[in-house]
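Sharing a structure, written as structure tokens. Questions coming.
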Amino acid sequence: MTYWLLGAMLVLPQCVLAQNLGEVDGYVKESKTGIPLVGATIRIIDTELGAVTDSNGFFRITGIPTKSYNFEVRFLGYKSQWKFNVLVRSAGNASLIFELEESADQLTEVVVTASPFIKRAETPNSVQNLSREEIATYPGGNNDIAKVVQSLPGVSGSVGFRNDVIIRGGGPSENVYYLDGVEIPNINHFATQGSAGGPVGLLNVAFIENVRLNTSAFGAQYDNALSGVLQFNQRNGNARKRNFNFRLGASEAAFTLEGPFKLPKEGELAKSTYLFSVRRSYLQFLFKLIDLPFLPDYWDYQYKTHHQLDDKNELSVVGIGSFDDFSINRPDDITEEQQAILDQISIIQQWTTTIGVSWKHRMDNGFLRTTLSSNILNNKFRRFRDNENQVGLLFSNKSQEAETKLRMEMTKFIGDWTISAGLMSQYVNYTNETDDQENATLFSSDLDFFKYGAFAQVSRTFDQWDISFGYRFDIDSFTDKGSGSLAHFSPRLALSYRMNDQWTVNASVGRYFKIPSYTVLGFQNNAGDFVNQNADYIRSDHLVAGLEFLPRISTRFTLEGFYKKYGNYPVSVRNGVSLANLGADFEVFGSEDVASVGEGRAYGMEFLYQQKLNKNFYGILAYTLFWSEYTDLNGTDYRPALWDNRHLLTFTGGYKLKNNWEIGLRTRFLGSAPFIPVNTRATELVYPTIVNDYSRIGVERLQDYNATDIRIDKKWNYKGWSLNVYLEVTNILGSDLPQSPRYGLDLDDNGQLILPRMLIQVDEENNSATIPTIGVVIDF
């Protein structure tokens with residue numbers, strides 16, 4: 001099958017006359033104010049091609065042979081800037097955006113080049129960036145950004161059928177996500193309510209300009225971040241013409257439209273543009289065809305409009321949403337493992353929506369940004385004794401959480417000083433109807449409250465030093481401990497010292513808070529009391545220090561040590577386990593009585609080698625050695641967390657071959673992680689409910705995990721359209737997927753239940769499959 005797919009890539013498009021030239025356009029702006037830079041020079045490295053920006057800071061280069069290039073922009077008084085691995089096609093090229101920084105040598109011809117490894121004074125360390133092309137060609141990712149992020153240092157993720165983002169030993173609920181400055185509660189389909197994970201990514205990669213991950217030293221404008229801040233920056237739609245993109249991948253088909261609302265005259269640029277996409281899953285049909293016991297079905301949509309109102313004002317509207325249906329399917333020749341999955345799986349119907357409006361007003365030496373957003377997660381979650389016929393209710397949760405947020409931020413640039421300050425207000429409404437037969441809990445809650453925040457950040461650049469100090473505080477109108485203005489004061493300090501042009505020492509320290517999830521706050525006992533109203537904000541103190549070495553413009557090495565100390569972590573009163581160990585499964589996370597008595601710590605070191613495109617090669621090599629531990633309800637001893645892999649090694653890279661061929665490789669090693677053993681005696685009495693033995697967390701571990709994926713791309717360019725066909729082979733070495741023991745009832749050879757019923761450990765079917773898939777991307 002694999003050879004047939006590769007052969008099809010070789011012969012399929014040869015009957016069409018190729019078009020080997022493309023064009024690229026874009027904008028050059030001042031990094032702080034966004035003002036267009038007129039007369040900037042753009043050149044394509046190792047060619048004679050280039051252009052100069054016009055009065056709008058716009059440039060256009062035509063007649064470019066179709067392949068990948070590195071670009072450089074220069075402007076007197078500013079640091080030159082490079083963009084690496086820019087793919088030029090005959091159609092579907094997105095505009096390039098360059099934002100130049102002022103140089104200290106403003107009136108000389110000396111060329112000072114800005115590092116392509118972007119960082120700011122407030123976040124000098126623990127920051128990573130991925131470009132559009134690095135995201136689009138990621139091996140084994142299936143165009144899924146949540147999987148792509150797992151190639152970065154310190155990000156372990158979960159193993160198997162989920163996309164949890166687990167950063168430096170923190171739980172999957174400890175991260176926040178922003179789409180063009182608009183907070184989105186989750187980036188996955190079939191989201192775990194109260195946490196952040198799910199099996200399939202929600203964002204369309206065709207929209208993304210770049211991804212920025214901070215694993216510490218968070219800017220003061222971000223609230224609720226304990227382990228990570230992921231910022232997804234979207235591009236604007238094409239301002240000259242309308243384009244269409246179609247992508248067929250391993251699990252879905254995606255359609256993307258973009259362009260100006262009104263086509264401009266020749267040589268002009270539209271002031272208003274749009275991007276719109278819709279994606280449809282066909283996993284449910286494939287799973288049905290191969291007779292799996294569950295059928296995931298999803299739709300999603302995404303859009304962005306951008307309006308340049310005048311020279312000083314611009315308005316953006318972004319939105320994203322999903323419709324998810326996770327149903328069950330009884331295979332014809334059911335195995336014991338399939339029957340166990342069918343017995344224990346949850347039936348999920350879910351929809352989400354987020355919309356945000358952002359207005360940016362440029363002022364003298366600064367700007368004001370105001371963002372109004374709203375998001376809703378509607379979740380229907382059920383489990384039955386007989387899931388197939390939906391008889392014998394065990395657990396039902398019908399809930400909706402809605403947030404409306406207003407953020408205002410002003411930034412001023414005064415000489416070498418950067419000063420930012422802002423306010424945030426948020427209205428929360430959370431409803432929950434829960435019937436928990438397993439734990440004899442029945443309630444219907446309707447919770448609404450306000451949350452407020454304020455922050456400030458001051459940064460100063462010296463000859464060799466960058467220093468930044470920031471703080472924020474957060475209060476709310478519901479929790480007992482959230483009403484004091486200084487109760488959750490969170491200061492942070494970042495330092496950076498440039499020893500020379502190649503070596504930099506970075507350090508940061510900070511305190512961060514996160515309000516407990518709405519599933520925790522909205523939980524009620526049978527008397528209708530909000531028993532977790534006294535829950536405190538989770539606290540995380542970070543200390544990070546490291547070295548950065550830039551031997552050349554395209555290469556970066558970093559070595560960092562980190563320490564995170566947690567306090568006030570919610571601990572389950574019923575099970576005695578810290579909620580830091582939960583949230584990476586298909587359950588409702590945190591809807592139970594908790595006590596804010598848990599502590600935790602995660603510490604270690606990480607190494608990064610990152611190579612931008614140079615001599616046809618690019619790649620990221622990252623190794624993290626870490627420990628992750630939390631206390632239980634007794635608070636006496638630290639125990640290894642479920643994310644305590646200790647060793648995390650990833651390599652992701654690619655090589656550009658001739659004639660627009662490209663090969664990519666990802667290999668990933670995770671050390672053995674603890675798992676929660678099953679209390680088999682208790683489970684046998686209440687099956688299909690599984691009773692976990694939380695007292696034995698850390699006693700047993702899964703096997704190490706090592707997997708390798710490859711991807712081969714071939715691109716063709718024709719007049720007015722381009723074609724990319726790729727072959728992706730996941731787990732090419734056939735490595736076993738680590739799984740904790742699965743239990744089910746004993747069945748006879750015909751799949752019928754043996755009486756009296758007996759709980760057994762079921763034999764796992766082959767979980768080391770090598771999966772080849774083919775994908776197609778067409779741009780018009």
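The values are calculated or read from the model by the stated rules, or taken from the named source; none is laboratory data. A quick note: this is a predicted structure, and the numbers were derived from the prediction, not measured. All Cβ positions, glycine included, derive from the backbone under ideal geometry; neighbour counts span all protein chains shown. When the accessible area is computed, the model is the full protein with side chains, heavy atoms only, and any ligands, DNA or RNA have been set aside. Shrake-Rupley method; radii C 1.70, N 1.55, O 1.52, S 1.80 Å.
If you plug each phi of segment 58-63 into the Karplus form 6.51 cos²θ - 1.76 cosθ + 1.60 with θ = phi - 60°, what whole-Hz ³J(HN,Hα) values come out, in order, with x for Gly and Pro?
With the stated coefficients, segment 58-63 comes to 9, 9, 8, 10, 10, x Hz.
With runs of 4+ DSSP H residues as the only contributors, calculate the mean residue ellipticity of the chain at 222 nm using -39,500 (n - 2.57) per run, divided by the residue total and rounded to the nearest 500.
Per the formula, -1500 deg cm²/dmol.
A further question on this structure: Apply the Karplus curve 6.51 cos²θ - 1.76 cosθ + 1.60, θ = phi - 60°, to the phi angles in segment 313-330 and return the couplings in whole Hz, x for Gly and Pro.
With coefficients 6.51, -1.76 and 1.60, one gets 9, 9, 10, 10, 10, 10, x, 7, x, 8, 9, 10, 9, 10, 10, 10, 8, 8 Hz.
For volume of the Cα convex hull per residue in Å³, several values are listed as [x] 405; [y] 151; [z] 181; flag the one computed from this structure.
Here volume of the Cα convex hull per residue in Å³ agrees with entry [y].
Would you calculate the separation in nanometres between label points at Phe617 and Ser477, each defined as 7 Å from the Cα along the Cα-to-beta-carbon direction?
Calculated label separation equals 6.0 nm.
Using only Cα atoms, locate the centre of segment 640-665 and the centre of segment 194-217, then give the distance between them in Å, rounded to an integer.
If we compute the Cα centre of each part, the gap is 17 Å.
If you roll a 1.4 angstrom probe over the protein chains with everything in place, what fraction of the accessible area of segment 615-751 belongs to carbon and sulfur, to the nearest %?
52 percent
So, R0 is 51 Å and r is the distance between the beta-carbons of Leu393 and Thr62; what FRET efficiency does that work out to, to 0.05?
0.20
Starting from the 7 Å offset along Cα-to-Cβ, what nm value, one decimal, do you get for the label separation of Trp299 and Lys241?
Going from the Trp299 label point to the Lys241 one covers 3.2 nm.
What ³J(HN,Hα) values, in whole Hz, does the Karplus curve 6.51 cos²θ - 1.76 cosθ + 1.60 give for segment 22-39 when θ = phi - 60°, with x put for Gly and Pro?
x, 9, 9, 10, x, 9, 10, 10, 6, 5, 7, 9, x, 5, x, 9, 8, x
As a test of reading the structure, rank Asp325, Asp416, Asp476 by solvent-accessible area (1.4 Å probe, protein chains only), most first.
Asp416, Asp325, Asp476
Simple spin-label model, 7 Å along Cα-to-Cβ: Val317 to Leu685 in nm?
5.8 nm
Let me ask another. Restricting to the chain, what percent of DSSP beta bridges are antiparallel, rounded to 5?
Bridges in the chain are about 95 percent antiparallel.
Only Cα pairs under 8 Å and at least 6 apart count here; give the relative contact order of the chain as a rounded whole percent.
Contact order relative to length: 11 percent.
Okay, next question. So what's the net charge close to Gly698: Lys and Arg +1, Asp and Glu -1, counting the other residues with Cβ under 15 Å from its Cβ?
-1
Taking amide H atoms as placed 1.01 Å from N in the peptide plane, list the residues 5 or more away in sequence, or in a different chain, whose amide H sits under 5 Å from that of Lys29.
Residues meeting the criterion, in which the H sits 1.01 Å from N, are Leu37, Phe98, Glu99, Leu100.
Enter the accessible area of Ile341 (Å², nearest 10), with the probe set to 1.4 Å and all protein chains included.
Counting only protein heavy atoms, Ile341 exposes about 30 Å² to solvent.
Provide the per residue accessible area, probe 1.4 Å, for the chain, rounded to a whole number of square angstrom.
So the chain comes to 41 Å² accessible per residue, rounded to a whole number.
Here is a further query. Take the alpha carbon atoms of segment 562-576, find their center, do the same for segment 236-256, and report the distance between the two centers in whole angstrom.
Segment 562-576 and segment 236-256 have Cα centres separated by 43 Å.
Now for a separate question. Full extension from Asn20 to Val357: what is 0.36 nm times the residue separation minus their Cα-Cα distance, to one decimal in nm?
Residue separation times 0.36 nm, minus the Cα-Cα distance, leaves 117.3 nm.
OK, next. Using Cα pairs under 8 angstrom and six or more residues apart, how large is the relative contact order of segment 187-268, in percent?
Across segment 187-268, relative contact order equals 19 percent.
Further question: State, as an integer percentage, the relative contact order of segment 665-780 based on alpha-carbon contacts under 8 Å between residues 6 or more apart.
25 percent
With all protein chains present, how much of the accessible area of segment 335-465 (probe radius 1.4 Å) comes from carbon and sulfur, to the nearest whole percent?
55 percent
Continuing with this model, one more query. Note down the net charge around Asn532, summing +1 for each Lys or Arg and -1 for each Asp or Glu among other residues with Cβ under 14 Å from its Cβ.
-4
Can you give the local net charge around Tyr298? Use residues other than it whose beta-carbon is closer than 12 angstrom to its beta-carbon, Lys and Arg +1, Asp and Glu -1.
Taking every other residue near Tyr298 into account, the sum is -3.
Tell me, how many Å apart are the Cα centres for segment 63-95 and for segment 349-396?
37 Å
Pick out, from Phe246, Thr353, Tyr497, the residue whose Cα sits farthest towards the positive end of the charge dipole of the chain, with +1 on the Cβ of Lys and Arg and -1 on the Cβ of Asp and Glu.
Result: Tyr497.
Which residues in segment 448-484 have a backbone N closer than 17 Å to a point placed 7 Å from the Cα of Leu406 along the Cα-to-Cβ line?
The answer is 449-455, 475-477, whose backbone nitrogens lie closer than 17 Å to the label point.
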